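I have placed the structure first, in the form of structure tokens, so that the comments after it can refer back to it.
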Amino acid sequence: METGELNPNHYPAQRAAKVVQHYLNTLHGSPYKVFGLQKVFRAYAEDVPGSGRKYQLELSVQEMVKKTTANCEAEVIFPRKEDHPPLQVHVSSHDDLLNNNVSLQEETLLYQQYKRNHSLLFAQNLPDSNGHIEPEHIPFWHLGAVASSFVMLSESTEDTLYNMAQVANITQLASNDDPLKFEYDVLLHEMVSQEIIAWKMLVTWSPSEGVKVLKMEKREYSVTNLKTTLL
Amino acid sequence: MNFSRSYLGVCNRPEYNYDKYHPMSEISEWMTQVAKAYPDIVTVMDYGKTYELRTISLLKIGADTGAKKKAIWMDCGIHAREWIAPAFCQYFVSRILRTYKTDPKMGEMIRNMDFYVTPVLNMDGYIYSWKDNSTRLWRKNRSPEPAGCNCSGTDLNRNFDANWGTIGVSFDCCHATYCGRGAESEPETLAVSYFVGSRKEDFLCFLTIHSYGQLLLVPYGHPNFTAANYKELMEVGMGAAEAIKKVHGKVYRVGTSPDILYPNSGSSRDWARFQGIPYSYTFELRDDGRYGFELPEDQIRPTCEEAYDGALHIITYAHNKVFNGAVVASTVPTIWTVLVAVAVAATV
């Protein structure tokens, strides 16, 4: 494993930077705020006894709704042994784009709309086969991506690169509490193995409390096991 | 006057919509129409069968000079779920056909070379990915479960005879990167290796089109192997990435698979390079993970436009290396170009 200055375009730096993306989404993501990794400028790696392998990164992320860009410095420490602490991420940023509340107005409108609705939201296949999402479902696609980030963060290692491939199902659940509550079935794409992995999540969200994932469960994904149909 | 050509989007009256994803039946029909509309330079060639016994076809595009010609290979859709790739092959063909008579460089290239374009290589897999929402993300071909294992499909891009089965593969038939019972165990793999292998001295470029990731990958997938022309491949690749960026600002990273993405073996790109085809690249088109395989249709055109410039950069470089970059400057082609331009204008 390379130690020291890394080529920022090569996969070790890119995989570590993707973890930073997932982390930022768990902290700051919402139906109107989703981050994507844009570019890695610098990367440095070293082994830290007792902790694992530490990556120090300079990168930029793009917030995909408002299309703004933020530069970050981050540290990702992957555990290498059983007794190492779990994955650790620390981010400092010179841009305060990460935790500003430019999206608060839209979030509040969305929240109030779905709090007042008598019927509960149900949607499938976001996006559909042609990459299309109905406009009223886009915030829930974003919410799915943010919620998936909790799973992707917990599943990430130096040997993985996760993206959310699709929200297969979203079902709004009745809730007496303030936050809206949803059950999500998502399909994640893991790039190194090229596998599609299905997860079910129980997700809550409100503008004030942000996104929380109360439960997450890996599911059997049936297509990989379907036998060939006879012609 | 020529209705087939207007159907193909020439003369600014598009009927075939290059901005949508098309099912296999429509792509096959389009191939037939293209060959009918341009009989002088386009032929359909059948060169193999899929597991489910569908005929694998390509479009051969080139002016018939009676001589043995150098060649460019392009295949799309080796992985079923990567729908933007077949969309690109169709766009690529339509661009060549729209420009070869008016663009002297393209005219020269189709005189000096033949383009062999396979819009969908893994036809069974592609059709399966159109079946319903549960099959959309299928990757492999549709060959049946091998003895002792319970799932179907082989990853065709791990099945070629190029360090087969050594790294970046799974031997579990249920996995997405299952490399098959053996090298070239799949009929789709054999189709390519027979066709290209029997003409390998003619081929200058082997471009295999995939998604997603915004990458240009050079041989080899195995970290212990370096292509003899690695430096050149990187320079030309970087030039292609520059050309791509100029179109819509998208950044494509360039490098070997083990550097940029992950090590692997048995890829068609590696096989082609081992055959001696010098300019062998894997294109991973848009996007970078936001939509992934389900790229919105309004991104088809910009993706195709940038990828076209990237591919053309590589193809032009390869062409110029052999044909000494001599743009034919004599007056005969110039007059011919003007006459054709007038004729084309008259039919609009």
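The values are calculated or read from the model by the stated rules, or taken from the named source; none is laboratory data. All values reported here derive from a predicted model rather than from experimental measurement. Cβ: placed from backbone, ideal geometry, glycine included. Neighbour counts: every protein chain shown.
Key figures for this structure:
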| item | result |
| --- | --- |
| Scope segment B:239-266; condition more than 19 Å from the chain's Cα centre (by Cα) and more than 8 Å from chain A (Cβ to nearest Cβ); matching residues | B:Glu242, B:Lys245, B:Lys246, B:Val247, B:His248, B:Gly249, B:Lys250, B:Pro258, B:Pro263, B:Asn264, B:Ser265 |
| Residue among B:Arg301, B:Arg273 that alone is within 17 Å of B:Trp83 (Cβ to Cβ) and basic (Lys, Arg) | B:Arg301 |
| Which listed residue is over 28 Å from A:Thr68 (Cα atoms) and either of a type outside the set (Phe, Trp, Tyr) or not in a loop (DSSP other than H, G, I, E, B) (or both), from A:Asp128, A:Asp83, A:Asp95 | A:Asp83 |
| Count of segment A:98-125 residues which are touching a residue at least 12 places away in the same chain (Cβ under 8 Å) and part of a loop (DSSP other than H, G, I, E, B) | 6 |
| Only listed residue being at negative phi and touching a Leu at 6+ places or on another chain (Cβ under 9 Å), chosen from A:Ser156, A:Ser193, A:Ser175, A:Ser208 | A:Ser156 |
| In segment B:52-67, the residues that are farther than 17 Å from B:Ser25 by Cα and either surrounded by 24 or more Cβ atoms within 10 Å (Cβ to Cβ) or in contact with a strand residue (DSSP E or B) (Cβ under 6 Å, 6 or more places away or on another chain) (or both) | B:Lys60, B:Ile61, B:Gly62 |
| Tally of residues being in contact (Cβ under 8 Å) with a residue 12 or more places away in the chain, surrounded by fewer than 20 Cβ atoms within 10 Å (Cβ to Cβ) and within 14 Å of chain A (Cβ to nearest Cβ) across segment B:152-174 | 3 |
| Sole residue being under 30 Å from B:Val169 (Cα atoms), modelled with pLDDT of 95 or more, assigned to a strand (DSSP E or B) and in contact with a Gly (Cβ under 8 Å, 6 or more places away or on another chain), chosen from A:Val211, A:Val167 | A:Val167 |
| Out of B:Lys49, B:Lys20, B:Lys70, sole residue that is exposed (fewer than 14 other Cβ atoms within 10 Å of the Cβ) and at pLDDT 95 or above | B:Lys20 |
| Single condition B:Met234 does not satisfy, out of (1) out of contact with any helix residue (DSSP H, G or I) (no Cβ under 9 Å at 6 or more places or on another chain); (2) more than 11 Å from chain A (Cβ to nearest Cβ); (3) more than 25 Å from B:Asn320 (Cβ to Cβ) | (3) |
| Test: residue in segment B:114-128 that is crowded, with 24+ Cβ neighbours inside 10 Å, among the aromatic types (Phe, Trp, Tyr) and farther than 21 Å from B:Arg199 by Cα | yes |
| Test set (1) buried (at least 22 other Cβ atoms within 10 Å of the Cβ); (2) part of a loop (DSSP other than H, G, I, E, B); (3) polar (S, T, N, Q) - A:Ser175 fails condition number | (1) |
| Residue count, segment B:246-271 (criterion: under 19 Å from B:His313 (Cα atoms) and touching a residue at least 60 places away in the same chain (Cβ under 8 Å)) | 3 |
| Test: B:Glu297 is facing chain A (nearest Cβ under 9 Å) and touching a Gly at 6+ places or on another chain (Cβ under 9 Å) | yes |
| Unique match (being touching a Cys at 6+ places or on another chain (Cβ under 9 Å), of a type outside the set (Gly, Ala, Ser) and within 14 Å of chain A (Cβ to nearest Cβ)) among B:Leu217, B:Leu285 | B:Leu285 |
| Residue match in segment A:85-96 (condition: surrounded by 15 or more Cβ atoms within 10 Å (Cβ to Cβ) and either among the small types (Gly, Ala, Ser) or on the phi > 0 side of the Ramachandran plot (or both)) | yes |
| Positions within segment A:123-151 being more than 13 Å from chain B (Cβ to nearest Cβ) and among the charged types (D, E, K, R), in sequence order | A:Glu136 |
| Tally of residues being touching a Lys or Arg at 6+ places or on another chain (Cβ under 9 Å) and either over 15 Å from B:Pro146 (Cα atoms) or among the aromatic types (Phe, Trp, Tyr) (or both) across segment B:159-186 | 7 |
| Which listed residue is modelled with pLDDT under 95 and hydrophobic (A, V, I, L, M, F, W, C), from A:Leu231, A:Leu126, A:Leu173 | A:Leu231 |
| Check on A:Gln113, at pLDDT 95 or above, surrounded by fewer than 17 Cβ atoms within 10 Å (Cβ to Cβ) and more than 14 Å from every other protein chain (Cβ to nearest Cβ) | yes |
| Number of positions in segment B:175-219 that are within 18 Å of B:Ile244 (Cα to Cα) and part of a loop (DSSP other than H, G, I, E, B) | 3 |
| Matching option when the condition is outside any strand (DSSP E or B) and closer than 21 Å to B:Pro278 by Cβ, among B:Lys36, B:Lys68 | B:Lys68 |
| Members of segment B:105-147 found to be away from chain A (no Cβ under 14 Å), free of Cβ contacts under 8 Å to residues at least 40 places away in the same chain and part of a loop (DSSP other than H, G, I, E, B), listed by number | none |
| Every pair of residues 6+ apart whose Cβ atoms lie under 9 Å, when the first sits in segment A:212-231 and is more than 13 Å from chain B (Cβ to nearest Cβ) and within 22 Å of A:Leu202 (Cβ to Cβ) while the second is modelled with pLDDT of 50 or more and assigned to a loop (DSSP other than H, G, I, E, B) | A:Lys212/A:Pro179 |
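Conditions (1) modelled with pLDDT of 95 or more; (2) within 12 Å of B:Pro219 (Cα to Cα); (3) assigned to a strand (DSSP E or B), marked per residue:
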position: B:Ile244; (1), (2), (3): yes, no, no
position: B:Arg273; (1), (2), (3): yes, yes, no
position: B:Ile277; (1), (2), (3): yes, yes, no
position: B:Glu284; (1), (2), (3): yes, no, yes
position: B:Asp288; (1), (2), (3): yes, no, no
position: B:Glu306; (1), (2), (3): yes, no, no
position: B:Asp309; (1), (2), (3): yes, no, no
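Results for (1) at pLDDT below 95; (2) more than 27 Å from A:Tyr111 (Cα to Cα), shown as yes or no for each residue.
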position: A:Val40; (1), (2): no, yes
position: A:Ala43; (1), (2): no, yes
position: A:Asp47; (1), (2): no, yes
position: A:Ser51; (1), (2): no, yes
position: A:Lys54; (1), (2): no, yes
position: A:Glu58; (1), (2): no, yes
position: A:Gln62; (1), (2): no, no
position: A:Thr69; (1), (2): yes, no
position: A:Val89; (1), (2): no, yes
